[in-house]
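Below you'll find the structure, written out as structure tokens, and then a few comments.
The values are calculated or read from the model by the stated rules, or taken from the named source; none is laboratory data. Please read these numbers as outputs of a predicted model, since none were measured by experiment. Ideal geometry is used to build each Cβ from the backbone, glycine not excepted, and the neighbour counts take in all protein chains shown. Ligands, DNA and RNA are stripped out before the accessible areas are found, and what is left, the full protein with its side chains, is counted by its heavy atoms. Shrake-Rupley method; radii C 1.70, N 1.55, O 1.52, S 1.80 Å.
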Amino acid sequence: LVQETRGWVEERGITVAQRSKEYAHDYRYFPEPDLPPLTLSRDRVEAIRAKLPELPDARRKRFMDEYGLPLYDANLLTSSKEMADYEEVFVRAVIASGEATNLSKPEIAKLGSNWLLNTVSGIMNVENVDMKIFRQKVSPENLARVTVVTLQDVVNTTSSKYIVEEMFRSEKNADDIISQQGLNQISDTGQIEEAVSQAIAANAQAVADYKAGKESALKFLVGQVMKGTGGRANPQMVGQIVKKKLEGE
């Protein structure tokens, strides 16, 4: 063997020579008198290996293979055991609810990843807490419930984010927050048409801009309707009705 110091190159997964030594004694090797030789049997090694939990590399690969998550998401989710555990419980809870039967496991996993890497991470950064503390206040089952009521159109996306923040602050469950604060999504066509008519009447310039070809005016009017309904209106229905009314005039 060449007597040398070698360095590890993470990107390539190899070691490379860094410094060479002419003789081994340059390293001043000598036996450690207080440490007798230790020999481990292969059976003992395998028994220890069998007790190991799933390690990050294996879990990352499984998240990509089983959940269909992109490498970026899988890397971030498995950067801590607590976050990876949260994602797994969330996916199981949404599936167990039976309310997302039209979604595949990868689609549900992506919903969980989006929650964790955006809204949840944002709350943890602002509140300066880790996943362990966040989970004590908002369980993955409760986050799954928010997802289910959003999929059912009980609340819209804007309200769902607020509900998660409120769950963290108050430690109440999603259904209590929705009922106590009247956050149910407005999907009644009549109510939305009335709100749209009010927004159009109050924003003549935006109407003129849209008719002049400015698409951004449509988004402005949708925003005014959402504002007027306290963010509770179904945004897809609002967009459709605003466009229909503008083009019908």
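Numbers at a glance
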quantity: Residues satisfying the stated conditions in the stretch 83-95, i.e. without any contact (Cβ under 8 Å) to a residue 40 or more places away in the chain and farther than 24 Å from Leu55 by Cα; calculated: Ile95
quantity: Filter result for the condition that a residue is surrounded by fewer than 20 Cβ atoms within 10 Å (Cβ to Cβ) and in a loop (DSSP other than H, G, I, E, B), over Lys214, Lys219, Lys243, Lys227; calculated: Lys214
quantity: Meets criteria (within 22 Å of Ser139 (Cβ to Cβ) and touching a Lys or Arg at 6+ places or on another chain (Cβ under 7 Å)) for Ala93; calculated: no
quantity: Odd one out for Asp209 among (1) of a type in the set (Asp, Glu); (2) over 24 Å from Ser121 (Cα atoms); (3) open to solvent by less than 60 Å² (accessible area, probe 1.4 Å); (4) at pLDDT 80 or above; calculated: (4)
quantity: Residue match in the stretch 194-205 (condition: within 31 Å of the chain's Cα centre (by Cα), surrounded by 13 or more Cβ atoms within 10 Å (Cβ to Cβ) and outside any strand (DSSP E or B)); calculated: no
quantity: Test: Arg145 is surrounded by 20 or more Cβ atoms within 10 Å (Cβ to Cβ) and either more than 15 Å from Ala96 (Cβ to Cβ) or of a type outside the set (A, V, I, L, M) (or both); calculated: yes
quantity: Qualifying residues in the stretch 90-110 (those that are in a helix (DSSP H, G or I) and either in contact with a helix residue (DSSP H, G or I) (Cβ under 6 Å, 6 or more places away or on another chain) or of a type in the set (Ser, Thr, Tyr) (or both)) - the one most open to solvent (accessible area, probe 1.4 Å); calculated: Ser97
quantity: Filtered residues of the stretch 30-85 (kept if of a type in the set (Phe, Trp, Tyr), part of a loop (DSSP other than H, G, I, E, B) and surrounded by 15 or more Cβ atoms within 10 Å (Cβ to Cβ)); calculated: Tyr67
